Amino acid sequence: MSVQSSSTLGSQPRPAGHVRGRQQHHLTHTYTELAQAVRQRRLNDRTRWFYIALFAGLILGLGGTAAGVILLDDSWLQLLMAGSLGVIFTQFAFLGHEASHRQVFESGRANDRAGRILATVFVGMSYAWWMSKHTRHHANPNRMGTDPDLEAGAIAPTREGLAGSSRLRLWVSTRQGHFFFPLLLLFGLNLHLDSIRALLSRQRVKGRWLELALLVLRFGAYLTILFLILPLGLAFAFLGVQLAVFGLYMGAAFAPNHIGMPILPRQGKLDFLTKQVRTSRNVSGGWWASAFMGGLNYQIEHHLFPSMPRPHLAAARRLVRQHCRAQGIAYTETTLLQAWGIVIGYLNEVGIAARGTFQCPTSSTLR
């Protein structure tokens, strides 16, 4: 779920950093130099030891949670186990995201196999559906008409998404920032349902029947065990808490990535370096932020070097910040609390835009 301001780069006075012709060629050349510096420092080398340790830790956590469920029997303390399971499933989702970007293994096929298993068996999502969506996002982040994260849903991603809305929808949209975190409690359930809908649709999906079989086995085993071990009411409460924590954690980690950053118009060209940096936001905090967000706190570096393993992103950040400073490209980094504040503010302002003129708070930075 990604929500943005309805303002676009094309609707504002041309920013000083907007480059064409020779300047655009110059920035393309400087990205090549930056990529070369990254290669020289071997920051794209695989860190298999890290991912083996991370996977082993998550398996131990999963086993410990399962043991807790068995030992606690019908106690309402089971809800703590449900919350723990929601966190663990989210961490598996982060790991699946990294496998999909070829960060774990050298072989693309091995990464795809790992990503599909992590997504379907551990997280309960369609890998093929998510890969199609996420690949398009990386190719054109925050670009109207091409970035699927800008499509309207329960929350209006842009002002245009509110066109023709009912009075009730407009009333809700003017306060959608305040509803954002409560709505994230349903985000996990929505991811499961969207995956199943995509696999059952008529659109072409690679590995459709394999993923459907894995999802049926996953949900069947999970729900059967849950409702056999726990009383009916407690089982439903357990499932609700697990889904709520999973959705809240996933949304809270992904939300800061691009929300409130400039949106690109449908037409117009922008060099790769500027496009990826200007539309992304980093979250400060170092190792703890990286652990909490699965490396998504280094969003700028991740977009510039998608296959870079998580342990190397911090070193890449130093190179990228220095490079952007030298080239005059705005590099955005905030704390996590500040990023969440921007999310809430933007969502409310996008909703208010339906009733009047909307002024993007970032527009002044583009002039």
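The residues neighbouring Tyr31, those whose beta-carbon lies less than 14 Å from its own, together hold a net charge of 0 under the Lys/Arg +1, Asp/Glu -1 convention. Label-to-label distance, Leu223 versus Gln338, with points set 7 angstrom from Cα along the beta-carbon direction: 4.5 nm.
Could you compute the net charge surrounding Val121? Neighbours are other residues with a C-beta less than 13 Å from the C-beta of Val121; K and R count +1, D and E count -1.
Details: positive: Arg113, Arg116, Arg218; negative: Glu211.
Here the charged neighbours net out to +2.
Look at Lys269, Lys206, Lys133, Lys275 and count the other Cβ atoms within 10 Å of each Cβ; fewest to most, that gives Lys269, Lys206, Lys133, Lys275. Computed over the range 268-322, relative contact order equals 30 percent, with contacts defined as Cα pairs under 8 Å that lie 6+ residues apart.
In plain terms, the C-alpha convex hull of the range 238-361 casts an average shadow of 10.0 nm² when viewed from every direction. Between Ser307 and Ile117, the simple spin-label model (points 7 angstrom out along Cα→Cβ) gives 2.1 nm. Per-residue packing, averaged as other Cβ atoms within 10 Å, sorts the ranges 342-349, 210-217, 35-42, 110-117 into the order 342-349, 110-117, 210-217, 35-42, beginning with the highest.
Compute the length gained on full extension between Ile70 and His138: take 0.36 nm times their separation in residues and subtract their Cα-Cα distance, giving the result in nm to one decimal.
On the way: separation 68, 0.36 × 68 = 24.48 nm, distance 4.21 nm.
Additional length available on full extension: 20.3 nm.
For the range 9-366, what does the relative contact order come out to in percent, with C-alpha contacts under 8 Å and a separation of six or more?
On the way: 454 pairs, mean separation 98.2, N = 358.
Over the range 9-366, the number comes to 27 percent.
Taking 0.36 nm per residue of separation and subtracting the current Cα-Cα distance, fully stretching the chain between Leu200 and Val216 would add 4.5 nm.
Based on the alpha carbons, how large is the Rg to Rh ratio for the range 9-366 when Rh follows Kirkwood? Could you put the intermediate results ahead of the total?
On the way: Rg = 21.3 Å, Rh = 21.8 Å.
Rg/Rh for the range 9-366 comes to 0.98.
Going 7 Å from the Cα of Arg46 along its beta-carbon direction, which residues of the range 296-320 have the amide nitrogen within less than 16 Å of the resulting point? Counting only backbone N, you get 307-312.
Residues whose amide H lies under 5 Å from that of Glu333, counting only those 5 or more places away or on a different chain, are Asn282; hydrogens are built 1.01 Å from N in the peptide plane.
Here the simple spin-label model places points 7 Å from the Cα toward Cβ, and for Trp288 and Arg325 these points are separated by 2.5 nm.
Counted by Cβ distance under 9 Å from Asn140, the other residues give a net charge of +2, where Lys and Arg count +1 and Asp and Glu count -1.
Readers should treat all values here as calculations from the given coordinates under stated rules, not as data from a laboratory. Computed from a prediction, not measured in an experiment: that's the story for all the values here. Cβ atoms come from the backbone with ideal geometry, glycine included; neighbour counts cover every protein chain shown.
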